[in-house]
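Everything below concerns the one structure shown next.
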Amino acid sequence: MNYDAALDAAIRRLHDEGRYRTFIDIVRRKDRFPRATWRRPDGSEREIVVWCGNDYLGMGQHPAVLSAMHEALNATGAGSGGTRNISGTTLYHKALEAELADLHGKEAALVFSSAYIANDATLSTLPRLFPGLIIYSDALNHASMIEGIRRSGAPRRIFRHNDVDHLRALMAADGPAAPKLIAFESVYSMDGDFGPIAAICDLAAEFGALTYLDEVHAVGMYGPRGGGVAERDGQAARIDIVNGTLGKAFGVFGGYIAASAKMVDAIRSYAPGFIFTTSLPPAVAAGAAASVRHLKGDAALRAAHQAKARTLKLRLKGLGLPLIDHGSHIVPVHVGDPVHCKMLSDMLLDQFGVYVQPINYPTVPKGTERLRFTPSPVHDAEMVDHLVRAMDSLWAQCALNRAEAVA
């Protein structure tokens with residue numbers, strides 16, 4: 001086989017479909033975020049505003065987080081030195097897990113190197129703990145959940161997105177004695193819609209199923225203490241396993257699950273994705289714990305975040321743009337074509353210093369390509385005005401270019 005030719009063909013297909021992904025080099029500025037420096041391919045630099053980051057609350061620059069990381073780095077050095085089982089468990093890891101368990105009202109928590117790994121490792125391990133387990137998965141679950149369920153080898157049932165009636169029909173068709181688990185999300189990150197947590201928990205109680213809730217795009221931002229949408233809706237106690245991230249609203253790095261002490265102990269003891277990987281650096285664990293601790297008491301920051309999201313949606317709707325609005329903090333603008341989505345993204349960056357990545361297939365279905373804006377409390381009014389003017393200027397221009405291309 002001509003391996004180089006096969007690689008060329010695979011990459012060419014992405015270019016031909018208009019969905020080849022390009023990365024831009026940026027340097028985040030601690031005291032000026034969401035402003036950053038864009039380093040162009042020719043070596044020149046330009047100041048830009050990041051509008052697509054997942055540091056939703058700006059906690060990646062919060063003094064409490066940075067102070068905790070500096071202290072831990074100076075005390076312990078750079079890395080953890082091993083897996084959690086072999087010299088890689090420190091007081092910083094234990095303190096972080098205690099903060100996370102408290103955040104979700106659970107007996108225990110377990111920290112992984114990312115929320116992707118936490119989902120993959122946990123979901124792929126559960127059928128070993130519960131032989132015969134049937135997993136019911138929302139059709140729009142994150143790739144990490146899909147991969148973990150696929151690797152588990154367990155029988156899986158895919159229910160239509162947020163369709164509780166379809167889920168009920170699937171569960172009713174399976175034997176009542178079979179162990180069952182429902183895997184779903186609280187906030188779906190591409191459309192920004194919410195999962196029907198209470199209704200799904202009702203079904204789980206009726207059919208004797210476990211509940212597995214991915215709160216990655218909600219922890220820190222929803223609920224009285226930032227425990228997520230389940231906490232906001234008074235459903236946290238009905239969730240058996242919650243998955244979250246430390247790399248979005250908490251502004252640091254890593255992922256976790258929180259559950260009963262027995263559940264966490266079993267996953268800790270059986271999941272290869274936990275057992276055989278190096279643990280988080282102590283400084284990262286310290287920063288994450290400081291962020292979780294701070295956000296439990298900072299309802300004002302959460303309120304400011306929601307207000308900024310509402311403002312941006314209102315302004316973009318005022319331009320008549322096809323906004324997808326389900327009431328969350330995520331602000332997707334539907335484009336519907338990969339080439340024009342990339343064109344808009346490039347023009348916003350080149351002409352206005354606005355950085356927002358195009359979201360194309362396979363992240364979203366073909367024909368639903370979009371720009372996904374993530375306003376934060378640290379995006380000021382001037383930045384919002386600048387973005388709105390940029391979108392107003394470019395949207396009609398790109399629509400005209402698209403019409404000419406079709407003609």
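The values are calculated or read from the model by the stated rules, or taken from the named source; none is laboratory data. Worth saying up front: this structure is predicted, and the values here are computed from it rather than measured. Here Cβ is always computed from backbone atoms with ideal geometry, including for glycine, and neighbour counts include all displayed protein chains. These area figures cover heavy atoms from the full protein model, side chains too; ligands, DNA and RNA do not enter into them. Shrake-Rupley method; radii C 1.70, N 1.55, O 1.52, S 1.80 Å.
Any idea what the relative contact order of the range 1-90 is, in percent, if you count C-alpha pairs under 8 Å spaced at least 6 apart? Intermediate results must be reported in sequence, preceding the final value.
Working: 61 pairs, mean separation 11.6, N = 90.
Once normalised by length, the contact order is 13 percent.
Excluding G148 itself, calculate the net charge of residues whose Cβ lies under 13 Å from the Cβ of G148, where each Lys or Arg counts +1 and each Asp or Glu counts -1.
My count for the surroundings of G148 gives +1.
Would you mind giving the three semi-axes, in whole Å and largest first, of the ellipsoid equivalent to the range 184-338 according to its Cα gyration tensor?
Ellipsoid semi-axes (Å, largest first): 29, 20, 16.
Between the range 225-262 and the range 5-77, how far is it from one alpha carbon centroid to the other, in angstrom?
Centre-to-centre distance over Cα atoms comes out at 25 Å.
What shape does the range 167-263 have by the C-alpha gyration tensor, where a ≥ b ≥ c are the square roots of the eigenvalues, rounded means a/c under 1.5, and otherwise prolate means a/b greater than b/c and oblate the rest?
prolate
At 1.4 Å probe size, with every protein chain present, just tell me what the per residue accessible area of the chain comes to in Å².
Numbers: 17680 Å² over 407 residues.
Ligands and nucleic acids excluded, the figure is 43 Å² per residue.
Give me the net charge for the shell around A261: Cβ to Cβ below 13 angstrom, other residues only, Lys and Arg +1, Asp and Glu -1. Walk me through the numbers before you get to the answer.
On the way: positive: K106, K262, R268; negative: E97, E107, D240, D265.
Neighbour charge sum, excluding A261 itself: -1.
Using the Karplus curve 6.51 cos²θ - 1.76 cosθ + 1.60 with θ = phi - 60°, work out ³J(HN,Hα) for each residue of the range 238-249 in order, rounded to whole Hz, and write x for Gly and Pro.
3J(HN,Hα) across the range 238-249, in whole Hz: 8, 8, 7, 9, 10, 10, x, 10, 9, x, 10, 4.
Summing +1 for each Lys or Arg and -1 for each Asp or Glu, what net charge is found among the other residues whose Cβ lies under 12 Å from the Cβ of D55?
Residues close to D55 contribute a combined charge of +3.
Where the only charges are on Cβ atoms (+1 Lys, Arg; -1 Asp, Glu), what is the dipole of the range 326-380 about its Cα centre, to the nearest 20 debye?
200
Using θ = phi - 60° and the Karplus curve 6.51 cos²θ - 1.76 cosθ + 1.60, what whole-Hz ³J(HN,Hα) does each residue of the range 108-117 get, with Gly and Pro shown as x?
Couplings: 7, 9, 9, 9, 10, 6, 6, 5, 4, 5 Hz.
Can you pick out the pairs among K106/K296; K94/K180; K30/K313 whose Cα atoms lie more than 19 Å from each other? It would help to have the intermediate numbers written out before the result.
Values: K106/K296 15 Å; K94/K180 31 Å; K30/K313 27 Å.
Over 19 Å apart, Cα to Cα: K94/K180; K30/K313.
By how many nm would the segment from A75 to R35 lengthen if fully extended, with 0.36 nm per residue of separation less the alpha-carbon distance? Walk me through the numbers on the way to the answer.
Working: separation 40, 0.36 × 40 = 14.40 nm, distance 3.10 nm.
Extra length available between A75 and R35 comes to 11.3 nm.
Using +1 at the Cβ of each Lys and Arg and -1 at the Cβ of each Asp and Glu in the chain, identify which of N74, L312, W51 lies farthest towards the dipole's positive end.
N74
Find the centroid of the Cα atoms in the range 151-194 and in the range 347-390, then give the distance between the two in whole Å.
The range 151-194 and the range 347-390 have Cα centres separated by 32 Å.
Quickly work out the L7-to-H334 label distance, labels modelled 7 Å from Cα along the C-beta direction, and quote it in nm with one decimal.
Simple spin-label model gives 3.9 nm for this pair.
Which FRET efficiency, nearest 0.05, do I275 and R310 yield, Cβ-Cβ r, R0 45 Å?
With a Förster radius of 45 Å, E is 0.55.
Quick one: dipole size for the chain, taken about the Cα centre, charges +1 on Lys/Arg Cβ and -1 on Asp/Glu Cβ, in debye to the nearest 20. Each step should come with its number before you reach the end.
Working: 43 positive and 43 negative charges, 55 e Å.
Magnitude of the dipole: close to 260 debye.
Grab the DSSP H runs of the chain that are 4 residues or longer, score each as -39,500 (n - 2.57), total them, divide by all residues and round the 222 nm result to the nearest 500 deg cm²/dmol.
-14000 deg cm²/dmol
Scan the chain and hand back the longest stretch that contains none of the GluC sites (Glu not before Pro) lying in DSSP loops with at most 16 other Cβ atoms within 10 Å. Walk me through the intermediate numbers first.
Values: sites that count: E17, E107.
For GluC sites (Glu not before Pro) (loop position, at most 16 other Cβ atoms within 10 Å), the longest site-free span of the chain is 108-407.
Using the eigenvalues of the Cα gyration tensor, what equivalent ellipsoid semi-axes result for the chain when each is taken as the square root of five times the eigenvalue, whole Å, largest first?
Those come to 35, 27, 22 Å.
Can you list residues whose amide H is under 5 Å from V331's amide H, if they're 5+ apart or on another chain and H is modeled 1.01 Å from N?
Those lying under 5 Å, H to H, from V331 are F373.
How large is the dipole of the range 252-407 about the Cα centre if only Lys and Arg carry +1 and Asp and Glu carry -1, each at its Cβ, rounded to the nearest 20 debye? Walk me through the numbers before you get to the answer.
Details: 16 positive and 12 negative charges, 120 e Å.
The calculation lands at about 580 debye.
Mind checking which of P365, P377, P332 has the largest fluctuation in a GNM of the chain, springs on alpha carbons under 10 Å?
Of P365, P377, P332, the most mobile in the Gaussian network model is P365.
What list of ³J(HN,Hα) couplings, whole Hz, do you get for the range 201-206 from phi and the Karplus terms 6.51, -1.76, 1.60, once you set θ to phi - 60° and write x for glycine and proline?
Whole-Hz 3J(HN,Hα) from phi for the range 201-206: 5, 4, 5, 4, 5, 5.
Among D265, D102, D193, determine the one that fluctuates most according to a GNM of the chain built with springs between C-alpha atoms less than 10 Å apart.
It is D265.
Give me the percent of DSSP beta bridges within the chain that run antiparallel, rounded to the nearest 5.
60
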